[in-house]
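Undergrad: So that we are looking at the same thing, I have put the structure below in structure tokens.
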Amino acid sequence: MTVNIALLGAGRIGKVHAKAVAATEGAELVAVADAFPDAAQALAKSSGARVSSIDEIAGADDVDAVVICTPTDTHADLIEQFARAGKAIFCEKPIDLSLERVKTCLKTVEDENGTLMLGFNRRFDPHFKAVRAAIDAGQIGDVEMVEITSRDPGAPPPAYIQSSGGIFRDMTIHDFDMARFLLGEEVSTVYAAASVLVDPEIGKLGDYDSAMVVLTTASGKQCSISNSRRAAYGYDQRIEVHGSKGAVAAENQRPVSIEVATADGYTRPPLHDFFMTRYTEAYAAEIAAFVKAIGANQAPSPNGEDGLKALALAEAALKSVAERRAVGIDEVQ
């Protein structure tokens, strides 16, 4: 069975997903839509797909699924439209910046018996998956503490900051999902501190560029998250999980994993420069999982509820920063 996919959004992340579809056995990119015709035409030409409108894709008999890579403020409306059209849906995070809007969107998907997968690609990174596999195999005993480091090589432009929803909804949301993925329990309290240390313009826009978050579950398990919009040495992505019998960690990855030893010491190549190269395998693996779920008529994972829970953690972090206290997740849900 071949799953015919339409791509909504031909920007940076859309191009990443187009490559992922091309690399997935049993999937074919048949249509591309974008608000900018030139962008849609260029991606369609390189992938062999046709250029279509959103409404044409919704009504197309040869489209089984859509991959939504449009701006965040369009996600919920598009999810609802394509759920009603009977198409399987993969959507980049977040569904929306409002918890209430996410809830109404998920209700529509449920009412339409729709299929929805959220783009938390880091669950599919082979290194992070291996950490989870070690936990599941009991190699480190019971999980007690998780440490997540996620730092971008540089801050995004002000225009992006204005529409992103802020660091917690845009950047840390991946780490909130990873925390849930590794802790094995839902988070009950969130304590966050945030500052503007990288770019004063980000502060003027009401956002932060540096943040620390501590998550705690009801049983006392803890997760610390370190975020920065600046890492002079490259794209910093590390996790460590400490358990009752040991620990397991995933180190930073490099395009080439070599080490050179000379009289001057030991050197290694620089880190990946951003997510497009660091998570290439993860993007391909998540689309493959989406296609497999469609073929097997199974619910994909992560799903809309995972997106809702990660966004709730982001809301709790914002409340924590504003009120300088630990916030119970029940206060925002």
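Undergrad: With a cut-off of at least 2 residues that are within 28 Å of Glu281 (Cα to Cα), name the helices (runs of 4 or more DSSP H) lying wholly within region 1-117.
TA: Output list reads 12-22, 37-47, 72-84.
Undergrad: Every residue in region 151-184 that is closer than 18 Å to Lys319 by Cα, modelled with pLDDT of 95 or more, assigned to a helix (DSSP H, G or I) and touching an Asp or Glu at 6+ places or on another chain (Cβ under 7 Å), please.
TA: The answer is Ile167, and nothing else.
Undergrad: With the structure loaded, tell me whether Gly138 is on the phi > 0 side of the Ramachandran plot and touching a Lys or Arg at 6+ places or on another chain (Cβ under 9 Å) or whether it fails that test.
TA: Yes, satisfied.
Undergrad: Can you name the helices (runs of 4 or more DSSP H) wholly within region 259-333 that have at least 2 residues being surrounded by 21 or more Cβ atoms within 10 Å (Cβ to Cβ) and more than 14 Å from the chain's Cα centre (by Cα)?
TA: 280-295, 304-323
Undergrad: When you check Ala49 against the structure, is it of a type outside the set (D, E, K, R), surrounded by fewer than 19 Cβ atoms within 10 Å (Cβ to Cβ) and within 23 Å of Met276 (Cα to Cα), yes or no?
TA: No.
Undergrad: Taking the conditions exactly as written (farther than 30 Å from Asn4 by Cα and in a loop (DSSP other than H, G, I, E, B)), does Gly138 satisfy them or not?
TA: yes
Undergrad: Another question about this same structure. Against the definition (buried (at least 17 other Cβ atoms within 10 Å of the Cβ) and either in contact with a His (Cβ under 8 Å, 6 or more places away or on another chain) or of a type in the set (Gly, Ala, Ser) (or both)), how does Ala76 come out, yes or no?
TA: It is true that Ala76 is buried (at least 17 other Cβ atoms within 10 Å of the Cβ) and either in contact with a His (Cβ under 8 Å, 6 or more places away or on another chain) or of a type in the set (Gly, Ala, Ser) (or both).
Undergrad: What's the number of the only condition in (1) among the charged types (D, E, K, R); (2) crowded, with 18+ Cβ neighbours inside 10 Å; (3) assigned by TED's automatic domain parsing to the domain that holds Ala314; (4) not in a loop (DSSP other than H, G, I, E, B) that Asp207 fails to meet?
TA: It fails just one condition, (4).
Undergrad: Among the small types (Gly, Ala, Ser) and either surrounded by fewer than 14 Cβ atoms within 10 Å (Cβ to Cβ) or over 26 Å from Glu281 (Cβ atoms) (or both), is that true of Gly246?
TA: In short, yes.
Undergrad: Right, next: Of all residues in region 231-251 being part of a loop (DSSP other than H, G, I, E, B) and in contact with a Lys or Arg (Cβ under 7 Å, 6 or more places away or on another chain), which is nearest to Val146 (Cα to Cα)?
TA: Filtering region 231-251 for residues that are part of a loop (DSSP other than H, G, I, E, B) and in contact with a Lys or Arg (Cβ under 7 Å, 6 or more places away or on another chain), the one nearest to Val146 (Cα to Cα) comes out as Glu251.
Undergrad: If you don't mind, another one. Touching a residue at least 40 places away in the same chain (Cβ under 8 Å) and in the same structural domain as His127 (by TED's automatic domain parsing) - does that describe any residue in region 290-304?
TA: For region 290-304, residues touching a residue at least 40 places away in the same chain (Cβ under 8 Å) and in the same structural domain as His127 (by TED's automatic domain parsing): absent.
Listed here are the residues, each with its yes/no results for (1) without any contact (Cβ under 8 Å) to a residue 40 or more places away in the chain; (2) surrounded by fewer than 22 Cβ atoms within 10 Å (Cβ to Cβ); (3) more than 20 Å from Val214 (Cβ to Cβ).
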site: Arg84; (1), (2), (3): yes, yes, yes
site: Leu99; (1), (2), (3): no, yes, yes
site: Leu106; (1), (2), (3): no, no, yes
site: Gly114; (1), (2), (3): yes, yes, yes
site: Ala133; (1), (2), (3): yes, yes, yes
site: Gly141; (1), (2), (3): no, yes, yes
site: Met145; (1), (2), (3): no, yes, no
site: Ala155; (1), (2), (3): no, yes, yes
site: Gly184; (1), (2), (3): no, yes, no
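Undergrad: Just checking, how many residues over region 67-100 are within 19 Å of the chain's Cα centre (by Cα) and farther than 21 Å from Val16 by Cβ?
TA: The qualifying residues number 5.
Undergrad: Among the residues in region 215-230, are any under 17 Å from His127 (Cα atoms), at pLDDT 95 or above and outside the structural domain of Lys19 (by TED's automatic domain parsing)?
TA: no
Undergrad: Next up: Just checking, does region 233-255 include any residue being free of Cβ contacts under 8 Å to residues at least 24 places away in the same chain and hydrophobic (A, V, I, L, M, F, W, C)?
TA: No: region 233-255 contains no residue that is free of Cβ contacts under 8 Å to residues at least 24 places away in the same chain and hydrophobic (A, V, I, L, M, F, W, C).
The values are calculated or read from the model by the stated rules, or taken from the named source; none is laboratory data. Computed from a predicted model, the values in this text were never measured in an experiment. Note that we place each Cβ from the backbone using ideal geometry, even for glycine, and neighbour counts take in every protein chain shown.
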